[in-house]
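Presented below is the structure to which this report refers.
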Ligand code: SF4
Ligand code: SF4
């Protein structure tokens with residue numbers, strides 16, 4: 001999950017291939033080894049990645065081990081346009097796209113009681129079979145909307161060669177991240193602020209004078225709404241970048257992004 005969201009990062013760690021191939025024989029960055037020159041002793045990259053071969057952020061956790069180990073100052077931490085690899089060097093995979101829509105659906109899954117309230121009818125969540133069925137359906141909803149939008153693009157633009165769904169699906173990445181942030185903002189700005197008194201109470205200590213930091217519900221709702229709106233905008237921009245097609249060609253996907261965000265806003269914020 002972190003690897004997937006790291007693709008949107010505005011930082012990247014990379015080594016300079018010219019220096020590596022011209023002056024290195026030890027490859028301490030990913031193998032590890034004893035101290036050499038300016039390089040410190042390390043156990044090597046925990047993901048066994050070579051920083052000069054990295055094509056996306058998925059295989060790097062920014063632990064900086066390679067930067068410490070390199071004796072030739074080849075490794076650099078760079079600033080970059082957020083998510084640039086998604087429209088340059090990126091290789092899409094089915095596993096990542098499945099995970100992406102699973103994370104989308106997971107937000108709906110957490111909000112099954114709210115969905116029940118919006119529908120105005122009982123989903124019988126206390127019954128295992130009904131609960132399982134409802135969970136599977138809500139997990140599939142975002143992916144199904146995205147697939148339907150893609151089929152619509154292909155149908156409306158039969159004469160234009162459309163990008164495969166596997167590539168365009170990454171355009172939903174910002175809204176998936178935004179939906180997850182909006183969902184967890186509720187916990188972060190309420191329950192997280194009670195961590196000190198709860199910790200004291202666990203050990204039977206007094207909690208009367210301990211601070212509690214809880215945001216007003218209106219503030220939380222505002223931040224959640226802003227997060228979702230910004231995420232929709234970034235998803236539209238990213239989709240345009242990945243597809244390199246006209247806005248009107250991709251309109252069904254943009255509308256699907258907006259529709260999913262509106263649904264998320266309703267179940268998370270109560271729009
Ligand atoms: S990053 Fe440093 S240690 Fe790794 S191959 Fe390049 S020069 Fe060698
Ligand atoms: S920063 Fe850490 S995870 Fe990333 S390539 Fe270097 S050693 Fe590997």
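One table, with the values for the structure above:
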read-out	value
Extreme residue, nearest to ligand 2 (Cβ to nearest atom), among residues of region 1-34 that are loosely packed, with under 13 Cβ neighbours inside 10 Å and over 30 Å from residue 93 (Cα atoms)	34
Criterion: more than 14 Å from the chain's Cα centre (by Cα), within 16 Å of ligand 1 (Cβ to nearest atom), under 30 Å from residue 142 (Cα atoms) and modelled with pLDDT of 90 or more - qualifying residue of 66, 70, 60	60
Qualifying residue in region 23-31 (condition: in a loop (DSSP other than H, G, I, E, B), near ligand 1 (Cβ under 10 Å from one of its atoms), touching a helix residue (DSSP H, G or I) at 6+ places or on another chain (Cβ under 9 Å) and under 30 Å from residue 235 (Cα atoms))	no
Test: residue 42 is in the same structural domain as residue 77 (by TED's automatic domain parsing) and more than 11 Å from ligand 2 (Cβ to nearest atom)	no
Looking only at region 61-80, and only at residues there that are under 11 Å from residue 15 (Cβ atoms) and assigned to a loop (DSSP other than H, G, I, E, B), the one that is nearest to ligand 2 (Cβ to nearest atom)	70
Residue within region 83-94 that is more than 26 Å from residue 146 (Cβ to Cβ), within 16 Å of ligand 2 (Cβ to nearest atom) and either in contact with a helix residue (DSSP H, G or I) (Cβ under 8 Å, 6 or more places away or on another chain) or outside the structural domain of residue 178 (by TED's automatic domain parsing) (or both) present	no
Any helices (runs of 4 or more DSSP H) falling wholly within region 162-210 and containing at least 2 residues that are in contact (Cβ under 8 Å) with a residue 24 or more places away in the chain	165-168, 173-188
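The values are calculated or read from the model by the stated rules, or taken from the named source; none is laboratory data. Worth saying up front: this structure is predicted, and the values here are computed from it rather than measured. Cβ coordinates were reconstructed from backbone atoms using ideal geometry, including for glycine residues, and neighbour counts include every protein chain displayed.
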